Amino acid sequence: MRGELAVGSRVQVYWEGEDEWFEGVVDVFSPERGYYVKYDDGEEQWEVDAGEHAIRFLGESEEAQEEDQTDNNVVSSRADPDPDYNDGEEEYGDDQNDDVEPADQLEEEEEEVTPTPAPELEDPSVQSTKQQQRPIKPARAFMRSSAAFFRDEDSLREMRQKLRHEKKTLTNQLHTLTMQLTEKEQVSTAIKSELQQLKTSAALANVMRQVPRSAVLTGSPSGSTKGLAKPKTTAQWGERVLDQKLENQSLAEDLLVLKMAVQDKQLLLQRKQKRRDEMSAKLARVPRRHLCTLVDVQAEIARLLEEKRALESQSSRSSSRVEKELVTSSKAGTATKTALQSELASMEITVERYKEELRQWELRIDCEKARMAPLENRLSTLQQELKRYEDSQVLLRSVFLRLGPDLRDGCVALDAALIAFQTLTPLDQPIRSYEDMSIRLNESKILSAGGKNEQRVSFTQFTQAFEWLFKS
């Protein structure tokens with residue numbers, strides 16, 4: 001059971017680093033990569049028959065397995081006829097009797113099954129074919145050269161892991177390179193098709209150069225179609241299609257040129273419209289009284305020309321008189337100039353004097369401001385103190401206490417309060433009479449409704465009455 005027939009069958013793979021046979025199931029077979037084995041312990045990898053590991057198919061007969069083992073022994077004996085191989089195995093067997101007993105038994109079975117034939121008795125072509133089919137295991141070659149290799153199992157496991165990692169890396173690289181190769185092939189195919197199209201276009205262009213342009217463009221499309229005979233063969237139809245394609249291509253080129261010309265005209269028109277709008281806006285900003293027509297300008301030019309001719313005719317007659325007037329006016333102007341210069345000098349002196357006085361007054365003002373600043377600060381301070389003094393009602397309380405309030409109710413007579421109010425009248429207000437203050441207090445309803453001589457005033461009413469009389 002080999003090749004595709006082995007898919008799904010159970011196998012045993014001998015791992016030299018572990019020195020054991022591991023069982024698994026063949027999942028995929030590839031002629032280049034071998035068998036993809038899924039082991040019972042969960043690990044999965046590709047295995048080559050008689051390559052890196054030995055494989056036994058559990059579904060085969062014992063004779064087929066013995067034939068496979070015999071072929072493996074023949075190839076290994078021909079590939080490496082090392083005389084020291086048996087000595088190394090004996091040393092290894094002496095040192096590791098307990099650990100490598102299954103491997104020794106397997107090698108003894110392989111030696112007992114088939115003897116190694118002489119190399120000269122076999123056909124060289126057969127020998128090369130078997131060597132190609134069953135390559136030498138690198139791990140065994142290394143074990144033949146060093147007997148200490150079998151004594152360190154940890155190093156062997158590490159090497160096995162490194163080789164597996166390297167194998168996976170190479171597999172990934174191979175897959176990547178395969179994908180890149182596929183992409184490159186696709187790009188190459190696309191480039192080849194594009195090149196073929198370009199060659200076809202070049203051939204069509206050459207044919208177009210050979211066909212006269214006038215013959216293609218003469219007459220209307222409907223007239224040319226009616227005048228031409230209907231093609232009968234495939235070649236004639238191809239020529240007709242080619243002519244139509246060439247004609248369409250030339251018309252497309254002409255249409256493109258016309259579109260570009262139209263775009264240029266549109267851009268030029270837009271620039272002129274923009275210029276017109278700018279000139280219109282500029283004209284709209286000019287006042288109406290300054291606007292005039294071309295007829296007005298021409299009439300003004302004619303009038304100015306007439307005045308010029310009249311002046312030129314009068315210039316000859318009045319030249320002498322003008323010269324005398326100029327001399328007289330020059331003399332008068334000289335005198336006037338001298339007088340104006342003297343007056344200007346005096347005015348400049350006066351201006352300088354006024355400027356000096358102005359600077360002096362500014363200095364005085366600055367000095368007065370400097371003197372007024374502390375006084376203003378003092379005034380504001382005194383006003384604040386006076387305000388606090390008035391708010392504290394210390395003066396009113398002292399006057400109220402001088403009036404001798406009754407110890408029982410703390411009130412004073414209304415007459416004494418009115419006399420005190422006359423005494424406390426502010427300087428900026430006239431002195432009020434006794435009756436006037438009484439009337440105003442009664443109107444304010446600050447006092448009680450009893451008789452005037454019987455009324456008494458508390459300190460609160462005393463302060464309210466003072467504020468009503470002099471501050472309201």
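Quick look at the values:
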{"read-out": "One residue from V241, V262 being farther than 19 Å from S201 by Cα and modelled with pLDDT under 95", "value": "V262"}
{"read-out": "Residue match in the stretch 370-388 (condition: more than 60 Å from the chain's Cα centre (by Cα), in contact (Cβ under 8 Å) with a residue 12 or more places away in the chain and assigned to a helix (DSSP H, G or I))", "value": "no"}
{"read-out": "Residue within the stretch 325-343 that is outside any helix (DSSP H, G or I) and either modelled with pLDDT under 90 or of a type outside the set (K, R) (or both) present", "value": "no"}
{"read-out": "Y36, sole failed condition from (1) surrounded by fewer than 16 Cβ atoms within 10 Å (Cβ to Cβ); (2) touching a strand residue (DSSP E or B) at 6+ places or on another chain (Cβ under 6 Å)", "value": "(1)"}
{"read-out": "Leading residue by the ranking (farthest from Q461 (Cα to Cα)) among those in the stretch 395-442 that are assigned to a loop (DSSP other than H, G, I, E, B) and of a type in the set (V, I, T)", "value": "I431"}
{"read-out": "Some residue of the stretch 278-285 being outside any helix (DSSP H, G or I) and either under 57 Å from the mean Cα position of the chain (by Cα) or at pLDDT 75 or above (or both)", "value": "yes"}
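The values are calculated or read from the model by the stated rules, or taken from the named source; none is laboratory data. Computed from a predicted model, the values in this text were never measured in an experiment. Neighbour counts run over all protein chains shown; Cβ positions are idealised from the backbone, glycine included.
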